[in-house]
Every structure is written in C-alpha cells, then in structure tokens.
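Worksheet for the structure shown next.
The values are calculated or read from the model by the stated rules, or taken from the named source; none is laboratory data. None of the values given here were measured: they were computed from a predicted structure. Here the Cβ positions follow ideal geometry from the backbone for every residue, glycine too, while neighbour counts run over all protein chains shown.
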Amino acid sequence: MTLRNGLSEELNRQGNEHFSRGYYTEASVCYTKALECDRLTGDRRALVATLGNLGNICAVSGHRDSAQVHYQEVLELQKILGDEKGIGTTLANLGNLRADAGEWTLARAYYLEALDLMVKTHDEEAQAVLFSDLGLVARETGQFDEAIQCYERSLALMQRLGNLGGVADAWRMIGRTFLIRKRYDEAIACCQTSQSIAERLRDELRTGGARYLLAQCYEEMGRLQEASDLLELVVSMDRKYGLPKLEENTQRLKRLRARLVEQFPLQAREGRSA
C-alpha cells in the first residue's frame with residue numbers, strides 16, 4: 001500500500017465516523033481530500049469507495065445532482081471492474097435519488113435492474129432493503145396490494161437474516177400502508193408488532209416511529225386520548241434527540257389536546273383543579 005492509499009483509507013475512515021454522528025460537513029471534507037489522493041493514484045477500487053461515500057453524503061444533504069454525478073462515475077468504474085454486487089448497490093442508490101425526487105417510474109426502473117443483479121449475486125441483505133424500496137414506490141403510486149407484497153417479501157428476508165431492526169421497519173411500513181387505506185385494525189396490529197420488537201431492541205427511534213403511526217391511527221379513529229398519550233412520548237423523544245419534526249409534532253400535540261378539551265371540558269377542568 002502506498003502512502004497516498006493509506007491516507008485515502010484513513011480519510012474515508014474519519015469521514016465515515018463523522019457521517020455516522022451526523023457531522024456531514026466534516027465528513028464531506030474528509031471524503032473530498034480522499035478523492036484527491038485517489039485521483040493521483042488512479043486506484044479504481046479506492047475511487048469506488050470514496051466516490052460512493054461522497055454520493056451518500058450528497059444524497060442525505062439533499063444535493064441530488066451532485067450525488068447522481070458521483071454514483072454514475074462509481075457505476076462506470078464498477079462495470080470496468082466487473083463488480084456485479086457493487087453495481088446492484090449503486091443502481092439502488094440511483095433509484096433512491098429518483099424516489100427522493102418523486103420520480104417513481106424512474107426509481108422503479110433502477111430498483112428492478114438492481115434486483116436482477118442482487119438475485120444473481122445472492123445478495124439477500126440488499127434484496128431485503130430493496131423490496132422495501134419497491135414497496136414505497138408501489139405505495140406512493142397507489143398500488144397498495146403490490147406495496148404490501150413487497151413489504152412482506154422484505155419482512156421474510158429480514159426474518160431469515162435475523163435482522164430484527166429490519167423486521168420492525170417492515171411491520172411499520174405494512175402498517176403505514178394499511179393506515180393509508182383506513183384499514184385501522186390491521187394498521188394498529190402491525191404498528192404494535194413493530195413497537196414491541198423495537199422496544200425489545202431498546203431502539204428508541206424505531207419505537208418512536210411505530211408510536212407516531214399508532215397515534216395517527218387513533219386520531220383518525222377518534223380515540224384522541226390514546227393518540228395524545230402516544231404523541232406525547234414521540235415529542236419527548238424528538239426533544240431528547242433534537243429530531244427535525246419536533247416543532248411539527250409539538251404543534252400537532254397541542255391541537256390534539258385542544259380537541260380533547262373541547263370534547264371533554266368537564267374532565268379538563270377537573271384535571272386542572274386536581
């Protein structure tokens with residue numbers, strides 16, 4: 001390994017550490033410096049890793065055009081290297097960019113091309129995630145039965161792989177789809193399953209995601225006290241972790257509480273005087 005190769009590897013490691021902690025600007029600086037090293041050495045595999053990291057940081061930062069450029073270069077390098085597994089991952093990333101932009105037809109095309117390669121390379125972990133992505137596309141285009149089928153395939157793979165976090169996510173996505181169709185009993189059952197798994201994992205963020213959907217189910221059903229109690233827990237978690245929906249969820253909780261006061265004014269007065 002040359003000095004520059006070693007430096008690139010270290011810069012990527014530092015970038016990944018910043019990325020995992022949400023320090024995107026610092027991560028981008030590290031990846032950009034690593035790319036300068038990789039351009040000088042011409043190491044294609046190093047370039048794939050660094051450009052992929054840059055694509056990811058651009059994607060989460062909302063810079064889709066830059067992410068697209070990086071992923072396209074990664075794709076060309078992977079084709080030269082004959083890395084079919086890597087190509088599948090990059091195609092999925094390109095699909096994610098299009099999904100983020102609401103370009104569902106193009107996103108689905110990328111995902112299906114990626115799926116063919118993932119099946120060919122027996123990459124079940126990637127397939128488990130991709131079926132969830134395909135479920136999102138189906139759901140957002142009104143293909144609800146297809147969405148459920150995709151999420152169920154993701155669920156089955158996550159279960160087989162022992163990925164309990166993924167299992168919780170799949171149940172939540174199935175629940176969300178039932179909620180959109182106003183099939184409340186099924187939505188509640190799925191969300192409660194997701195919440196139970198997340199609680200066993202002591203995963204507060206996944207638990208909060210399930211509670212958020214449950215609150216929406218209860219609110220739409222007119223079970224306002226249950227909705228309010230759950231949303232209060234969600235807001236508490238938002239505040240603890242400084243999550244972006246804190247203000248939105250706080251306002252929603254205030255509206256819920258106001259509706260409760262209108263519905264049950266006597267109980268509200270008794271609560272204040274207690």
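Considering the range 186-201, the residues that are crowded, with 16+ Cβ neighbours inside 10 Å and among the hydroxyl-bearing types (Ser, Thr, Tyr) include one that is farthest from the chain's Cα centre (by Cα), namely Thr193. Conditions first: (1) crowded, with 20+ Cβ neighbours inside 10 Å; (2) over 30 Å from Pro244 (Cβ atoms). Asp145 passes all but one, so which condition is the exception? Among (1) crowded, with 20+ Cβ neighbours inside 10 Å; (2) over 30 Å from Pro244 (Cβ atoms), the lone unmet condition for Asp145 is (1). Exactly one residue out of Thr50, Thr32 is in contact (Cβ under 8 Å) with a residue 40 or more places away in the chain, in a helix (DSSP H, G or I) and over 17 Å from the mean Cα position of the chain (by Cα), and it is Thr50. Remark: pairs (first residue in the range 135-146, under 15 Å from Asn96 (Cα atoms) and free of Cβ contacts under 8 Å to residues at least 40 places away in the same chain; second residue surrounded by 14 or more Cβ atoms within 10 Å (Cβ to Cβ) and small (Gly, Ala, Ser); Cβ separation under 6 Å; 6+ apart in sequence or on different chains) = Val137/Ala107; Ala138/Ala147. When the residues of the range 1-52 are narrowed to those that are under 25 Å from Leu94 (Cβ atoms) and among the aromatic types (Phe, Trp, Tyr), which ends up modelled with the highest pLDDT? That would be Tyr31.
Whether any residue in the range 88-111 is farther than 19 Å from Ala67 by Cβ, of a type in the set (A, V, I, L, M, F, W, C) and touching a helix residue (DSSP H, G or I) at 6+ places or on another chain (Cβ under 9 Å) is what I want to check. So far as the range 88-111 goes, no, none of its residues is farther than 19 Å from Ala67 by Cβ, of a type in the set (A, V, I, L, M, F, W, C) and touching a helix residue (DSSP H, G or I) at 6+ places or on another chain (Cβ under 9 Å). Considering the conditions (1) surrounded by fewer than 15 Cβ atoms within 10 Å (Cβ to Cβ); (2) closer than 28 Å to Ala138 by Cα, Gly242 is excluded by exactly one of them, (2).
Among the residues of the range 211-249, those identified as over 23 Å from Glu199 (Cα atoms) and under 24 Å from the mean Cα position of the chain (by Cα) are Glu247, Glu248. Any chance the range 186-199 includes a residue that's of a type in the set (D, E, K, R), under 21 Å from Phe131 (Cβ atoms) and in contact (Cβ under 8 Å) with a residue 24 or more places away in the chain? Looking for residues that are of a type in the set (D, E, K, R), under 21 Å from Phe131 (Cβ atoms) and in contact (Cβ under 8 Å) with a residue 24 or more places away in the chain, one finds none in the range 186-199, hence no. Restricted to the range 65-146, the set of helices (runs of 4 or more DSSP H) holding at least 2 residues that are of a type in the set (Lys, Arg) comprises 84-100, 104-120.
Within 25 Å of Leu155 (Cα to Cα) and surrounded by 16 or more Cβ atoms within 10 Å (Cβ to Cβ): does that describe Met173?
yes
All of (1) crowded, with 19+ Cβ neighbours inside 10 Å; (2) not in a helix (DSSP H, G or I) hold for Lys182 with one exception: (1).
Which count do you get for residues in the range 239-255 that are hydrophobic (A, V, I, L, M, F, W, C) and closer than 15 Å to Leu213 by Cα? The qualifying residues number 1.
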